[in-house]
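Input: a single structure, listed below in structure tokens.
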Amino acid sequence: MSAATDSPETDVATAVAAAAELLGSARDVTLLAHVQPDADALGSALALGTVLARRGAQVRVSFGSPAGAPESLRPLDALGLLVPPDEVPAAPDLLVMCDTAAVERLGSLADRLAAARASLLIDHHASNPGFGDVQVLDPSAEATAVLVHRVLTAMGAAIDATVGACLYAGLVTDTSGFRRAGPAAHRMAAQLLEAGVDVEAVLRPISDDHPFSWLGALADVLHDARLDPDAAGGLGLVSAVVPVALMERFRVEEVDGVVDLLRTASEADVAVVAKQVGPRRWSLSMRSRTVDVAAAAVALGGGGHPRAAGVTLDGEPAEVLDRLKAVLGR
Ligand code: 5GP
Ligand code: MN
């Protein structure tokens, strides 16, 4: 462990330089976010895409599903780079995968990895096994947007308010409003503000703007939330189930926000929202105060971070939650 060249930091620095070189000479770039993209995945892809398109490259940004981008994230696509998955070339020239913890997180576009001439992964999930020709993979980064900022800086790219808004959106959401952001991430935020990012304008559509009907849908989900004080080794679990009929009363990005309210319950270390994504299929979103929910997610075939993880399971909601409780209780 003595040689500095063996340290993960050096590996990341080397990968950042390699990524900057790959992107610097690229003429045709396909940037992908994970399925059900959040602000970090889409903001990262759009920040890179915007810089590359301005440099004259042919650029498209996409994700496997759902069909359209979340309404709240569309303002980040200033240049109109988003395309539906069926417009992604079968064999991309350079494929860039942003915030994708596993190949399967590319959904229907996962086959583009093997077909691409060259590929670049930029991600910060500890559960990521690593894939692609160049891997900028750093679990110590608070957001993928932090790594994209490093790559753009290495490219000598000018980061203006448009690119900065994409990066800021990823940074602020993945750190839960800077609660889990270190000094370097705060310095990055300061640089983005200096570049002209209007925080209020970036955040209003993402966090502070909902149709009135959202209030009632949220009330219905929270009303039926359950507290299980014995779960998670006695640390407590708070859970809510969002069947498809309720899912339809939310916009996609709003369902993702439910867990952030649940996790405020003092009596529970772990919060989970089971979102129905198929007749017998549930996507579990987990948050915790101390429990390693990434380990629980990985044990069930999912992934994520120690305090925010997810997995998709088949069955009835009660059995799916029981399977989660079984691994949390270990
Ligand atoms: P969220 O609850 O915000 O959807 O996801 C929290 C974290 O868990 C994210 O970092 C996300 O990448 C990961 N995650 C969520 N769902 C899944 C899943 O079905 N499979 C895997 N591998 N990771 C997931
Ligand atoms: Mn992320």
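The values are calculated or read from the model by the stated rules, or taken from the named source; none is laboratory data. All values derive from a computational prediction rather than experimental measurement. Here the Cβ positions follow ideal geometry from the backbone for every residue, glycine too, while neighbour counts run over all protein chains shown. Just the protein is used for accessible areas: all its heavy atoms, side chains included, with ligands, DNA and RNA removed. Shrake-Rupley method; radii C 1.70, N 1.55, O 1.52, S 1.80 Å.
Couple of notes before you dig in:
- 14 Å reach of a label modelled at E104, 7 Å along Cα-to-Cβ, counting backbone N of the range 289-330: 297-304, 310-315
- Counting only Cα atoms, the size of the chain along its three principal axes is 54, 52, 40 Å, in decreasing order.
- Of all accessible heavy-atom area on the chain, the percent that carbon and sulfur account for (1.4 Å): 53
- Only Lys, Arg (+1) and Asp, Glu (-1) charged, at Cβ; the chain dipole about Cα centre in debye: 140
- Distance from the range 260-330 to the range 184-214 (C-alpha centre basis), Å: 28
- Between the exposed loop cleavage positions of the chain, defined as GluC sites (Glu not before Pro) in a non-H, G, I, E, B DSSP state with at most 12 neighbouring beta-carbon atoms within 10 angstrom, the longest gap is 1-247.
- Segment A245..L193, full-extension length gain: 14.6 nm, with 0.36 nm per residue of separation and the alpha-carbon distance subtracted.
- FRET efficiency for R54 and D133, using Cβ-Cβ distance with R0 set to 22 Å, rounded to 0.05: 0.35
- Overall form of the range 94-204 per C-alpha gyration tensor (a/c, 1.5; a/b vs b/c): prolate
- Contour excess over end-to-end distance, with Cα ends at R330 and R179 and 0.36 nm allotted per residue: 51.5 nm
- Sequence-separation-based contact order of the range 8-206, relative, with Cα cut under 8 Å and 6+ spacing, percent: 24
- Cβ-based charge dipole, the chain, positive-most Cα from P317, L73, H223: L73
- Helix runs (DSSP H) in the chain reaching 20 Å along axis by Cα, Kyte-Doolittle at least -0.5: 8-24, 39-54
- Solvent-accessible area per residue, Å², over the range 8-206 with all protein chains present [probe radius 1.4 Å]: 38
- Ratio of the Cα radius of gyration of the range 213-328 to 2.2 N^0.38 Å, where N counts its residues: 0.96
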